[in-house]
Structure formats: structure tokens, C-alpha cells
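Chemist: Have a look at this one.
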Amino acid sequence: MEPVDRLASAGLVLPDYGGKELGAVLPAALAAVGAADVVPGRDAERDRVALGLPEARHVVVVILDGLGHHQLESRRGHAPFLRSIVSDVVTAGFPTTTAASLALFGTGQPAGQTGMTGYSARNPRTGGLANLISWEGADPPEEWQMMPSLLEEADRGGVIVTTLGKRKFAGSGLTHAVLRGGLFVGAERLADRIDVALAATKKPGVSYCYWGEIDAAGHRFGWQSEEWVAALEDADREFKRLAASLGKDTLMVVTADHGMIDVTGAPRWNVGAEPELARDVELVAGEPRALHLHVSEGRGPAVAERWQTILGDQGVVFTQADAEAAGIFGPISDSARPRIGDVVVAMAGRSTVVDSRTQSSQSMALIGVHGSLTPEELMVPLLVAQGS
């Protein structure tokens, strides 16, 4: 069976790279404010038309971490404002995880180009794991991720760029790697970020606002929990306030980096406790829904076959060559290739694979997770509101 057919048979979906995808959102926003020419590697005006963004004087782009299209649809009654401005649906990339998705958003390029291949990735220089959220074990950001930051390109091109997030993110490795450029304004509360965003809209340009509380609630309590709903309601209320205060020729675009599934009671394997999974595997990177297996030389096909037998219909196991043929990472650059596993696993259903040798008990106990290519993880909303 062809690689793409194997994904489809497991209920998994390919990202729409180059089409309606997360990587098109920031280029489209820049094109909307007349700055299409600052975007390298994409046709930003084409992205704007594909996503249906009108021309504007200022665009506020918002990422609500963890708010997948399917989750929003399932909880529509708790988000009356966001529900009222649903415009379209776009795909994240693979893996459907924050580090990879923010890189796709911030550069317009998929993980096969940015090398942002998961929550953790093999560092080819050290042979160990690099955490691409905390940046522990990773190389300097500009060496790890060498694709241009679109915010930085816009700033250089004379566009006024403002980024809003927690103060601790201002100098983080992840921010520097994929979202550097322009003015960073630290604000802890969402209400404060909305106030800063409104002030920024007084001038032409682009603002980017990140909010992570929905994702945090989902990880800890599950996306079907009361805590997740409360986080959604908070966001709905504040972004209604932002939209109501937007001036003429100002646009708000809300999207997300991935969706989420709850895995309580679902099948789970532990590489650290199952010798047949661990055999010939030197390092497990990625996350429980999207794994990179770095294996002993020449053992990739054998490991892939054995893992597929063990997982059965609960996952799709590829050699790197088959993953590349399927296009799940987009085109793979020479610099990114060593960070992609010799074997790549995309989990199906609600199943996970953990590794107790390298993962904490806290991380293995998460209720809401993401990373694979189910529609629940891959499809994210595109919400557009215009000022008056």
C-alpha cells in the first residue's frame, strides 16, 4: 500500500501545505497590509486570496494554543463570539505540536525545512534529545532554525510589528528561532494583551498575540473538562472585546497551532517497558502521538515492520523514506533530515506511545495530547473579524 493510502486507511489526513494551512496565515496578513513583497518563499498575495482576507491598515493575528476546529465546534455554545465569526478551516503541519506549528506560522515553511520536528528532537551534534519548547539541549536558535522569520523580514521591510506574550518568552529559544522581529511586549493576563493589541492598532502594521491557557487546561484536565471550557469562555469574552473596539480598516484573524484529543482509557505502549519496541532503537524523540525513532544502522525497515505489527491499526509506521514520500513533513532539507527519525510513527485513534526512560511521570499522565494527523489534531479554525 502506498504511504498516503496507509494514512487514509488509518483515518489520518495530510496537511494542505501550500494551500489553506497555518503557514499561509502570517503571509496573508502581511499581504493584507500591503507588505506581500517582504515574504520570502511564498506567494503572500496568493495566500491572502486563498484565505479570504481583505486589505487592511492593521491586522491582529491571534494564536489560541490548542483550539482545534473540532473542539471549537463541539463547544460552540460556550464561545458565542468565536462561533459567530467562523470563516474557514486550515490545517496545521506535522507534527501537530506547538514547536513545529509556531515555526510553520512564523516562517511559512513546514518542519522538513525548519527542523522543528517535534516537542523533542535528536540533536545531530550531541546525539541527545533537544527540547524545542524549553530549548534545553538544542543548538543556538539561529543555527537550529535557519529559515527567515517573517516578523523579522517584515520589520526590516518597514512594517510596524508587535508581538504579545508572556514576559518570559521574550528571550526564549523558541521565540528567537521562529518569531523574532519587531517589538515584543510582555503581558501576563489576556486582558492586558488585548489592551496592548488595541493600542498597536492605532498605527498601520501587524500584531501577533499568543494565548496558551486553553492548551494548558486541555493537557491537564482534557479538552472535554470544565476547566477547558472555562478557558475557552475567557478567550471568547476577551476577543469579543478586541473585535468590538477595532477601528476602520483593522482586521482580527484568530487561528490555532493544533487541536487535541483526550487519551484516558485509550491503548498505550511504553518503549521503556517493552523490549520488542526498544530493540534496535537508540533514541526516541517527538511526543506520544508522533514519534521519531533513531535506530541502529541499517535497522530502519526491520524496526518499522516490527512496530507496525505491534501497534496494528493504532498507528502508521514509516521509514524516513516513506514518510518523505507521503509528504507529511513537506520537502526535507539536508539540515533537517538528521532530526527526523529513521522511523516515523503517526498514531491513530486515541492511542499513544510513551518512553518512561526519558519522559517524566507528569508528562506521561497528560490527559489531552496532540501531535498526529487525525482531523481532531490537524484541523484548526480561521476566524476573521473586521473593525467598523
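The values are calculated or read from the model by the stated rules, or taken from the named source; none is laboratory data. What you see is a predicted model, and the numbers here were worked out from it, not measured in a lab. Neighbour counts run over all protein chains shown; Cβ positions are idealised from the backbone, glycine included.
Chemist: Given (1) assigned to a loop (DSSP other than H, G, I, E, B); (2) assigned by TED's automatic domain parsing to the domain that holds Ala216, where does Val62 come up short, assuming only one miss?
Modeler: For Val62, the failing item is (1).
Chemist: Continuing with the same structure: From the set of residues in region 342-362 that are touching an Asp or Glu at 6+ places or on another chain (Cβ under 9 Å) and among the small types (Gly, Ala, Ser), which is surrounded by the most Cβ atoms within 10 Å (Cβ to Cβ)?
Modeler: Ala348
Chemist: Just for strands (runs of 3 or more DSSP E) wholly inside region 281-388: which have at least 2 residues that are within 20 Å of Ser101 (Cα to Cα) and not small (Gly, Ala, Ser)?
Modeler: Values: elements: 281-287, 290-295, 315-319, 343-347, 352-354, 379-386.
Qualifying strands (runs of 3 or more DSSP E): 290-295, 343-347, 379-386.
Conditions tested, residue by residue: (1) under 16 Å from Trp211 (Cβ atoms); (2) among the acidic types (Asp, Glu).
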position	(1), (2)
Asp65	yes, yes
Phe81	yes, no
Thr96	no, no
Leu102	yes, no
Phe105	yes, no
Gln113	no, no
Met116	no, no
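Chemist: While we're here: If you scan region 342-367, which residues turn out to be of a type outside the set (Ser, Thr, Tyr), within 15 Å of Ala290 (Cβ to Cβ) and under 19 Å from the mean Cα position of the chain (by Cα)?
Modeler: Scanning region 342-367 gives Val344, Val345, Ala346, Met347, Ala348, Arg350, Leu366.
Chemist: Okay, next question. Taking region 90-103 as the region of interest, how many residues are farther than 16 Å from Gly181 by Cβ and in a helix (DSSP H, G or I)? Even if it seems obvious, please write down each step before you answer.
Modeler: From region 90-103, those farther than 16 Å from Gly181 by Cβ are 90-101; that's our starting set.
Checking the rest, the ones that are also in a helix (DSSP H, G or I) come to 98-101.
The number of residues fulfilling the criteria is 4.
Chemist: For region 141-191, enumerate the residues that are part of a strand (DSSP E or B) and either surrounded by 22 or more Cβ atoms within 10 Å (Cβ to Cβ) or in contact (Cβ under 8 Å) with a residue 60 or more places away in the chain (or both).
Modeler: Keep residues of region 141-191 that are part of a strand (DSSP E or B), which gives 161-165, 183-186.
Once the filter is applied, which keeps residues that are part of a strand (DSSP E or B) and either surrounded by 22 or more Cβ atoms within 10 Å (Cβ to Cβ) or in contact (Cβ under 8 Å) with a residue 60 or more places away in the chain (or both), region 141-191 yields Val161, Thr162, Thr163, Leu164, Gly165.
Chemist: Let me ask something else. So in region 120-136, with the set limited to residues that are crowded, with 24+ Cβ neighbours inside 10 Å and not hydrophobic (A, V, I, L, M, F, W, C), which one is farthest from the chain's Cα centre (by Cα)?
Modeler: Checked region 120-136; the qualifying residue farthest from the chain's Cα centre (by Cα) is Arg122.
Let's see how each residue does on (1) over 18 Å from Pro110 (Cα atoms); (2) in contact (Cβ under 8 Å) with a residue 40 or more places away in the chain; (3) of a type outside the set (Phe, Trp, Tyr); (4) surrounded by 18 or more Cβ atoms within 10 Å (Cβ to Cβ):
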position: Pro27; (1), (2), (3), (4): no, yes, yes, yes
position: Ala32; (1), (2), (3), (4): yes, yes, yes, yes
position: Val38; (1), (2), (3), (4): yes, yes, yes, yes
position: Arg42; (1), (2), (3), (4): no, yes, yes, yes
position: Arg48; (1), (2), (3), (4): yes, no, yes, yes
position: Gly52; (1), (2), (3), (4): yes, yes, yes, no
position: Val59; (1), (2), (3), (4): yes, yes, yes, yes
position: Arg76; (1), (2), (3), (4): yes, no, yes, no
